[in-house]
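Chemist: Next up is a structure, given as structure tokens.
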Amino acid sequence: MLDLSRIFGRKNNSKDAAKDRLKLVLVHDRANVSPEFLKTIKDEIMQVLAKYMDVTDGELDINITTAQSEDGKSRVPAITANIPIKSIKQK
Amino acid sequence: MSQVIVITSGKGGVGKTTTTANLGVGLAKLGKKVVLIDTDIGLRNLDVVLGLENRIVYDLVDVVTGVCKPKQAAIKDKRFDGLFLIPAAQTKDKDAVTVEQMQELCEKLKKEYDFIIIDCPAGIEQGFKNAIAGADKALIVTTPEVSAVRDADRIIGLLEANEIYDHYLIINRIRPDMVRRGDMMNVDDIMEILNINLIGIVPDDQDIIVSTNKGEPAVVNPKSMAGQGYRNITERLNGNNVPLMDLDSNTLLGKIKKIFSKKQ
């Protein structure tokens with residue numbers, strides 16, 4: 001059926017922002033991940049990385065988000081890490 | 001078979017008490033014998049929403065501690081045949097009632113009433129635990145807002161942890177105009193996020209405030225859109241399959257659509 005709202009006024013969809021934020025916050029809620037738990041993971045990853053490369057503690061960014069599943073049909077929880085490397089230790 | 005239904009939400013102010021009052025009146029109008037229980041001890045409100053605040057003698061704490069019988073505390077609504085209210089205590093603490101006492105009370109009431117509807121307090125503490133203790137079924141009220149949907153998700157998890165899997169969602173205060181311009185999550189958006197079945201939607205309606213002012217639930221007002229939403233939910237609780245209301249029916253576009261669909 002003809003839907004005029006799709007033709008006009010499709011510019012600022014604040015509901016999409018609401019949906020995206022909700023999805024993200026629910027991944028955390030459902031996984032029941034506490035900030036302490038996340039910090040433990042961060043610290044241990046840092047310890048391992050420090051053996052092989054120079055990374056700065058403060059620049060580490062680890063989060064739990066969602067990603068497309070392998071079959072592309074649903075979204076699954078995923079850990080993303082953004083860790084800038086200063087230099088790699090040569091052995 | 002009688003049903004014990006808890007109306008819950010997690011977040012406050014989304015319309016639990018209004019929903020409880022309207023569903024109670026709606027079911028009584030369908031000829032059912034209904035008792036509503038306000039479990040929000042210390043912050044009772046269901047009595048004023050129903051317009052029964054002047055008739056309270058005993059309360060929920062009196063019933064569970066044996067001061068009076070359930071029948072003595074249940075206020076009979078003179079306007080709607082078959083509707084009763086057990087009010088919350090206003091001057092006592094949340095811990096005045098236990099989970100076991102609520103289970104026992106619900107079992108007793110099942111023998112008397114077709115529907116026992118429990119108005120749950122906001123939050124997930126003792127009051128929530130008491131409210132869900134004797135329930136077979138849960139209706140979770142949410143609004144199309146991030147905070148309310150988030151809390152609804154948490155409540156669904158807690159209900160399942162307490163082995164209540166017969167749960168349904170009510171989406172309250174939908175504003176069709178905002179949904180149309182993409183500034184409010186629609187029914188499909190919310191259903192995509194929450195793992196739960198929908199039992200009904202209630203549009204945002206000024207009649208709710210007017211009817212609450214007077215202590216007359218909107219469900220009896222044939223002109224009220226929210227009242228129609230609540231009537232549909234009572235039909236579904238009663239086992240009748242009624243279609244979801246069309247939120248566009250009140251707009252010019254909706255009316256044009258209607259004319260054309262009639263001709264076909």
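Chemist: Anything in region B:209-224 that is among the aliphatic types (A, V, I, L, M) and touching a helix residue (DSSP H, G or I) at 6+ places or on another chain (Cβ under 9 Å)? List them, or say none.
Modeler: Answer for region B:209-224, where residues must be among the aliphatic types (A, V, I, L, M) and touching a helix residue (DSSP H, G or I) at 6+ places or on another chain (Cβ under 9 Å): B:Val210, B:Ala218, B:Val219, B:Val220.
Chemist: A follow-up question, please. Could you tell me which residue of region A:23-39 is farthest from B:Ile190 (Cα to Cα), considering only residues that are within 11 Å of chain B (Cβ to nearest Cβ) and of a type outside the set (A, V, I, L, M, F, W, C)?
Modeler: A:Asn32
Residue by residue, here is whether (1) outside any loop (DSSP other than H, G, I, E, B); (2) among the small types (Gly, Ala, Ser); (3) under 29 Å from B:Leu198 (Cα atoms) holds:
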position	(1), (2), (3)
B:Lys78	no, no, no
B:Ala89	no, yes, no
B:Gln103	yes, no, yes
B:Glu107	yes, no, yes
B:Gly127	yes, yes, yes
B:Asn130	yes, no, yes
B:Asp153	yes, no, yes
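Chemist: Taking region B:181-200, which residues are closer than 24 Å to B:Arg231 by Cα and open to solvent by 40 Å² or more (accessible area, probe 1.4 Å)?
Modeler: If the condition is that a residue be closer than 24 Å to B:Arg231 by Cα and open to solvent by 40 Å² or more (accessible area, probe 1.4 Å), then B:Asn186, B:Asp188, B:Met191, B:Asn197, B:Leu198 are the ones that fit.
Chemist: Exactly one of these conditions fails for B:Val141: (1) over 24 Å from B:Pro243 (Cα atoms); (2) touching a Lys or Arg at 6+ places or on another chain (Cβ under 8 Å). Give me its number.
Modeler: The single condition B:Val141 does not satisfy is (1).
Chemist: Picking from B:Asp114, B:Asp59, which residue would you name as being over 30 Å from B:Met178 (Cα atoms) and open to solvent by 40 Å² or more (accessible area, probe 1.4 Å)? Write out each step before concluding.
Modeler: Details: B:Asp59 fails: open to solvent by 40 Å² or more (accessible area, probe 1.4 Å).
Of the residues listed, the single one that is over 30 Å from B:Met178 (Cα atoms) and open to solvent by 40 Å² or more (accessible area, probe 1.4 Å) is B:Asp114.
Chemist: Which residue pairs have Cβ atoms under 7 Å apart, sit 6 or more places apart or on different chains, and have a first residue in region B:179-191 that is farther than 9 Å from B:Leu247 by Cβ and free of Cβ contacts under 8 Å to residues at least 12 places away in the same chain and a second that is outside any helix (DSSP H, G or I) and not β-branched (Val, Ile, Thr)?
Modeler: Pairs found: B:Arg181/A:Gly9; B:Gly182/A:Arg10; B:Gly182/A:Asn13.
Chemist: Among all residue pairs at least 6 apart or on different chains, which show Cβ distances below 8 Å where the first residue, located in region B:124-152, is away from chain A (no Cβ under 14 Å) and the second is surrounded by 24 or more Cβ atoms within 10 Å (Cβ to Cβ) and acidic (Asp, Glu)?
Modeler: B:Gly127/B:Asp40; B:Ala131/B:Asp119
Chemist: Something else now. Would you confirm whether any residue within region B:132-145 is surrounded by fewer than 24 Cβ atoms within 10 Å (Cβ to Cβ) and of a type in the set (Ser, Thr, Tyr)?
Modeler: no
Chemist: Also: Considering only residues of region B:164-180 that are surrounded by fewer than 17 Cβ atoms within 10 Å (Cβ to Cβ) and more than 12 Å from chain A (Cβ to nearest Cβ), which is nearest to the chain's Cα centre (by Cα)?
Modeler: Initially, region B:164-180 is screened for residues surrounded by fewer than 17 Cβ atoms within 10 Å (Cβ to Cβ), giving B:165-166, B:175, B:177-178.
So of that shortlist, the ones also more than 12 Å from chain A (Cβ to nearest Cβ) come out as B:165-166.
On the way: B:Tyr165: 18, B:Asp166: 15 Å.
That would be B:Asp166.
Chemist: Taking B:Ala161 as the residue in question, decide whether it is within 14 Å of chain A (Cβ to nearest Cβ) and either touching a helix residue (DSSP H, G or I) at 6+ places or on another chain (Cβ under 9 Å) or surrounded by fewer than 18 Cβ atoms within 10 Å (Cβ to Cβ) (or both).
Modeler: The answer is yes for B:Ala161.
Chemist: Scan region B:181-239 for residues that are within 14 Å of chain A (Cβ to nearest Cβ) and in a loop (DSSP other than H, G, I, E, B) and report the count.
Modeler: 9
The values are calculated or read from the model by the stated rules, or taken from the named source; none is laboratory data. All values reported here derive from a predicted model rather than from experimental measurement. A quick note on method: Cβ atoms are made from the backbone with ideal geometry, for glycine too, and the neighbour counts reach across all protein chains shown. The protein model used for the area step is the full one, side chains on, heavy atoms only, and it has no ligands, DNA or RNA in it. Shrake-Rupley method; radii C 1.70, N 1.55, O 1.52, S 1.80 Å.
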